[in-house]
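The values are calculated or read from the model by the stated rules, or taken from the named source; none is laboratory data. In this text, all values refer to a predicted model and were calculated from it rather than measured experimentally. Virtual Cβ from ideal backbone geometry, glycine too; neighbours counted across all protein chains shown. Remember, those area values only see protein heavy atoms, side chains included, never the ligands or the DNA or RNA. Shrake-Rupley method; radii C 1.70, N 1.55, O 1.52, S 1.80 Å.
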Amino acid sequence: MSTAADPSAFIARWSKSGGSERANYTSFLSELCDILAVPRPEPTQVDITQNAYVFERDVFFQNTDGTTSTGRIDLYKRGCFILEAKQGTEQTADELQLSSTPKKLKKGHGVRGTKGWDDAMTRARGQAEQYAKALPVDEGWPPFLIVVDVGHSIELFADFTKSGKVYLPFPDPKSYRLMLADLAGDDIRDRLRTVWTDPVSLDPTRRSAKVTRELADRLAKLAKSLEQTTRTPGDSPGAKMDAGRVAQFLMRCLFTMFAEDVDLIPRESFTELLKSIRPDVKLFPDMVRDLWESMDKGKFNAVLKKKLRRFNGGLFEDCEALPLTLDQLDLLIEASKAQWRDVEPAIFGTLLERALDPHERHKLGAHYTPRAYVERLVMPTIIEPLREEWDAVRAAAITQANRGDTAAAVETVRDFQR
């Protein structure tokens, strides 16, 4: 990999740009490649099949009247992304009128931060999607769409299924838009570099699958250990603990670990509680049961010194916390240290499949359907029709808003939401 150029110089240079993406975008993106330490795009060749990483990649649209028209992708990298470039301006109409020296200034694609600019960025995303649809079938759908306002922002949208049906803000709706100044951060440049070089590795399901497998192995070991141990008064000598009780206990543990990682309860509070119990492991059932009672009722918890939200799904109505040995507690502590926000929900099924013997699985109906099987059914029957409906609703709302009828636009969206 080549040495990266200085991002601070790049940011300072391009913060002054505005008005015309045609004049600026190739230079901007070439220099962006330099600070990401990735190769610049290659020269375009006559044989279109050889244009795997180029500016102005031709695509052909089949029109409804039988004719063909040509479009050009601003920057294309096969198997990685389609990039559409625009350029807005920082100056408002009032500022232009008040300028002491009248000048002919380019307006670009709207004043940044205004509704017109937002609409331009939305249209650019739609344009990128149309280009993706027009690509030859054998090239496939790229996992990323990128919308760039030259010298201002970079927006990422991902569809790791490569179906072209679910390009969503990446990594989430709060942080999909990267501002020019954000490129000073190593983590941001690393993210963009990966979009250029190995985009599929950014698929969160890959990371979550790895975390899930590791945790499932660890928790299955704990489950089997618990099942082999007689724990409660009245059990006959040598009796195994009921597998259903073990499974429900671990489900409560798992959800609590997830809850602390997504701030539904104070961050790391459950992990710290488990650590505090290590010197006297006999305290585990009472202290954890008290926490789960607080979560079930939504009341103040003395150990955490905080009023907790009420978790009303019924998971904590039975708040039994099984007694643990020190070794078992340590397994739970190690599991709690994982990044549970990255864990696949399938871990619940994975845990049951691995922890319980075949006879117990059959009794409990403890079989789970892998994510890929679920998506194969849910995507075409629910998600894709819903997104198509949303696209139509969004277009209608934008039209209403552009006419000045904001109330009607809001109601259109609310009707869809309801």
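Taking R0 as 41 Å, what FRET efficiency do you get between residue 377 and residue 72 from their Cβ-Cβ distance, rounded to the nearest 0.05?
Computed FRET efficiency for residue 377 and residue 72: 0.60.
Note down the accessible area of residue 292, probe 1.4 Å, to the nearest 10 Å².
Residue 292 has an accessible surface of roughly 0 Å² with all protein chains in place.
Which aspartates and glutamates, on any chain, are close to residue 221 with Cα under 14 Å apart, when same-chain ones fewer than 8 places away are left out?
Partners found: 327, 330, 334, 353, 357.
Just list whichever of 115/174; 224/299; 86/133; 174/307; 275/337 have alpha carbons separated by over 22 Å in the model shown.
Correct reply: 224/299; 174/307.
Mind ordering 113-120, 24-31, 169-176 by average Cβ neighbours within 10 Å, highest first?
24-31, 113-120, 169-176
Along the charge dipole of the stretch 136-181, which of 170, 143, 160 sits closest to the positive end, that is, farthest toward it, with unit charges on the beta carbon of Lys, Arg, Asp and Glu (+1, +1, -1, -1)?
Going by the Cα projections, it comes out as 170.
Under 13 Å Cα to Cα from residue 16, which aspartates and glutamates show up? Leave out anything in the same chain fewer than 8 places away.
Those aspartates and glutamates meeting the cut-off are 90, 149.
Peptides 79-85, 334-340: what's the order by average Cβ count within 10 Å, highest mean first?
Top of the packing list down: 79-85, 334-340.
Could you tell me which of rounded, prolate or oblate describes the stretch 263-314, using a ≥ b ≥ c as the square roots of the eigenvalues of the alpha-carbon gyration tensor, with rounded for a/c under 1.5 and, failing that, prolate when a/b is larger than b/c and oblate otherwise?
prolate
Excluding residues fewer than 8 places away in the same chain, name every one of the aspartates and glutamates whose C-alpha is closer than 19 Å to that of residue 297.
Within the straight-line limit of under 19 Å, residue 297 reaches these aspartates and glutamates: 260, 263, 286, 317, 318, 320.
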